[in-house]
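The values are calculated or read from the model by the stated rules, or taken from the named source; none is laboratory data. These numbers come from a predicted model, not from an experiment. Reconstructed Cβ throughout: ideal geometry from the backbone, glycine too, with neighbour counts over all protein chains shown.
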Amino acid sequence: MNKTAETQSPILPEIANRWSPRAYDKSYVLSNEDIVKVLEAARWAPSANNLQPWRFSVVTRGEKLHETISTQALSGFNAAWVPNASGIVFISIPTQAPDGRDYTIAWFDAGLAAQNLMIEAQAIGLASHPLSGFDSEKVTDILALPEGYKAIAAITLGKRAEPEALEGGAYEREIAPRTRLALHEIVLHGLN
């Protein structure tokens, strides 16, 4: 299925072609090499003061952790499709900055790392889908994250399957065209 973005100006193919599928090939197994590649790309994301607050937890289909999270911590209709992905990368951040203040920039930094991960996944032929539809406290406990860290987002990884692998609303979302607001709707200053 081709969902290449229709852009006002040419952009990198990895960005134009990346979208968030829900239909995953249940037989595909992520290689350790691919996991290392996407995590290495995430590692090199920009970071305020180079503090690199993000932490990653990778759970792959077939592992006990994957099964536990899939059956106990996913929200809504995510529980129907996320378990089919080859892997889930959970992103966690510290709840406080090293000086004890709120660590609001950590959320931004984690987002930059997530985007690097997804662009690298696209470049090596993997599909990715970011999500927040899980119980953060349960995942934080299940993964036994270090004191002061909490899971804030996840990214599924794997190979795309045909949309017919899905049912109902998930199928409808899978086949829907990609849309974005026009640039003039999101750029408040600086665009002529």
Checking Tyr171 against (1) in contact with a Ser or Thr (Cβ under 9 Å, 6 or more places away or on another chain); (2) among the hydroxyl-bearing types (Ser, Thr, Tyr); (3) surrounded by 15 or more Cβ atoms within 10 Å (Cβ to Cβ), which single condition isn't satisfied? (1)
Output yes when any residue across the range 94-104 is among the β-branched types (Val, Ile, Thr), modelled with pLDDT under 95 and part of a helix (DSSP H, G or I), and no when none is. yes
Name the residue, out of Asn84, Asn32, Asn78, that is modelled with pLDDT under 95 and not hydrophobic (A, V, I, L, M, F, W, C). Asn78
Suppose the filter is buried (at least 18 other Cβ atoms within 10 Å of the Cβ) and at pLDDT 95 or above; does Ile69 pass it? yes
Residue hits (the range 123-149; in contact with a strand residue (DSSP E or B) (Cβ under 6 Å, 6 or more places away or on another chain) and either on the phi > 0 side of the Ramachandran plot or of a type outside the set (A, V, I, L, M) (or both)) are Ser128, His129, Pro130, Ser132, Phe134, Ser136, Thr140, Gly148, Tyr149
Among the residues of the range 168-175, is there at least one that is in a loop (DSSP other than H, G, I, E, B), over 17 Å from Ala110 (Cα atoms) and modelled with pLDDT under 95? no
If I filter the range 11-38 down to residues being outside any loop (DSSP other than H, G, I, E, B) and touching a Leu at 6+ places or on another chain (Cβ under 7 Å), which single residue comes out as surrounded by the fewest Cβ atoms within 10 Å (Cβ to Cβ)? Asp34
Within the group Thr140, Thr156, which residue is surrounded by 15 or more Cβ atoms within 10 Å (Cβ to Cβ), more than 20 Å from Asn17 (Cβ to Cβ) and touching a Lys or Arg at 6+ places or on another chain (Cβ under 9 Å)? Thr140
Just name the residue that is nearest to Ala161 (Cα to Cα) out of those in the range 82-111 that are without any contact (Cβ under 8 Å) to a residue 60 or more places away in the chain and of a type in the set (Phe, Trp, Tyr). Trp107
Go through Gln122, Gln115, Gln96 for me and flag whichever is polar (S, T, N, Q) and touching a helix residue (DSSP H, G or I) at 6+ places or on another chain (Cβ under 6 Å). Gln122
